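Structure record follows, encoded as structure tokens.
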Amino acid sequence: MAMEMRLPVARKPLSESLGRDTKKHLVVPGDTITTDTGFMRGHGTYMGEEKLIASVAGSVERVNKLICVKALNTRYNGEVGDIVVGRITEVQQKRWKVETNSRLDSVLLLSSMNLPGGELRRRSAEDELAMRGFLQEGDLISAEVQAVFSDGAVSLHTRSLKYGKLGQGVLVQVSPSLVKRQKTHFHDLPCGASVILGNNGFIWIYPTPEHKDEDAGGFTANLEPVSLADREVISRLRNCVVSLVTQRMMLYDTSILYCYEASLSHQIKDILKPEVMEEIVLETRQRLLEQEG
């Protein structure tokens, strides 16, 4: 019977250039950020004894005179225009409840989505009765944040044909603070798979479709068998995302692609070993720094 044995090795020190470029001002609750009274208090801070003090653990961000602390592990706080991936949890009257990793369930109104075929008309009682045929409990969807209510709840819409029900793929849940904000969060990677990087920390990895179905209105999920090659690419991408998250690196299309390329010399199952994970993420970080510099 074959048995694999692994021994601990000394951790490699980061090069000075890497450590210098990635240094951040990190604080924990109770830390004094500044004693200068000229700054404005932002999220994650409070005033005490004429000092600005952190109320959460995270990195300090400053915009002009506004100082806030971005928490390292947090629930999703919705902003208008964000792209999110969510799961339907309940079908209600003229609306769906959606789990989006926020403090409260998000809402997708029947009037905020395309009808099948992209038909433009008022929603009727027949549409309301057919809601479970459109989306039912357990379905995964991609959507855009339309509005944020005063209590923090989020209202979604899927009026564009690029949003809608998701078919076959893999869902990875990460901290929302690790997803980098970009102009687009839908990426077709050259390795043969696509990713949706939800601002809420839900990442969907799926095989790149050969042709996009424009007439379905985002309701038909492709349930054809996925080839072995596509499944291997998706599994490798999933493990690469987990590696980047474990090493606290920001997730965006370039970092995921570089990590994928760095992992090609290893088997898919070996990527999650701590020493391999550290090696490929270090290579990814160096390539990103060379690209920026």
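The values are calculated or read from the model by the stated rules, or taken from the named source; none is laboratory data. Every value quoted in this text rests on a predicted model; they were computed, and no experiment measured them. Glycine also receives a Cβ, built like all others from the backbone with ideal geometry; neighbour counts cover every protein chain displayed. Remember, those area values only see protein heavy atoms, side chains included, never the ligands or the DNA or RNA. Shrake-Rupley method; radii C 1.70, N 1.55, O 1.52, S 1.80 Å.
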Report task. Kindly indicate which of 177, 160 is in contact with a Lys or Arg (Cβ under 8 Å, 6 or more places away or on another chain), open to solvent by less than 50 Å² (accessible area, probe 1.4 Å), among the polar types (S, T, N, Q) and outside any strand (DSSP E or B). Result -> 177
Report task. List every residue pair whose Cβ atoms lie under 6 Å apart, where the two residues are 6 or more positions apart in sequence or sit on different chains, the first residue falls within segment 270-286 and is acidic (Asp, Glu), and the second residue, located anywhere, is open to solvent by less than 50 Å² (accessible area, probe 1.4 Å). Result -> 270/276; 283/262
Query raised in the report: Are any residues in segment 241-260 buried (at least 20 other Cβ atoms within 10 Å of the Cβ) and farther than 12 Å from residue 174 by Cβ, and if so, which ones?
Result: 255, 258, 259, 260
Report summary line: Selection from segment 236-261 of residues among the charged types (D, E, K, R), within 15 Å of the chain's Cα centre (by Cα) and outside any loop (DSSP other than H, G, I, E, B) yields 238, 253
Report task. Go through 261, 290, 275 for me and flag whichever is of a type in the set (Asp, Glu), modelled with pLDDT of 90 or more and out of contact with any strand residue (DSSP E or B) (no Cβ under 9 Å at 6 or more places or on another chain). Result -> 261
Requested in this report: Give me a count of the residues in segment 98-135 that are out of contact with any Ser or Thr (no Cβ under 8 Å at 6 or more places or on another chain) and farther than 30 Å from residue 73 by Cα.
Outcome: 22
Query raised in the report: Which ones in segment 37-90 are free of Cβ contacts under 8 Å to residues at least 40 places away in the same chain, open to solvent by less than 90 Å² (accessible area, probe 1.4 Å), of a type outside the set (A, V, I, L, M) and farther than 26 Å from residue 147 by Cα?
Result: 38, 39, 48, 51, 55, 59
Requested in this report: Among the residues of segment 91-104, write down those that are open to solvent by 60 Å² or more (accessible area, probe 1.4 Å) and under 23 Å from residue 197 (Cα atoms).
Outcome: 103, 104
Query raised in the report: Got at least one residue in segment 190-208 being crowded, with 19+ Cβ neighbours inside 10 Å, modelled with pLDDT of 90 or more, on the phi > 0 side of the Ramachandran plot and not in a strand (DSSP E or B)?
Result: yes
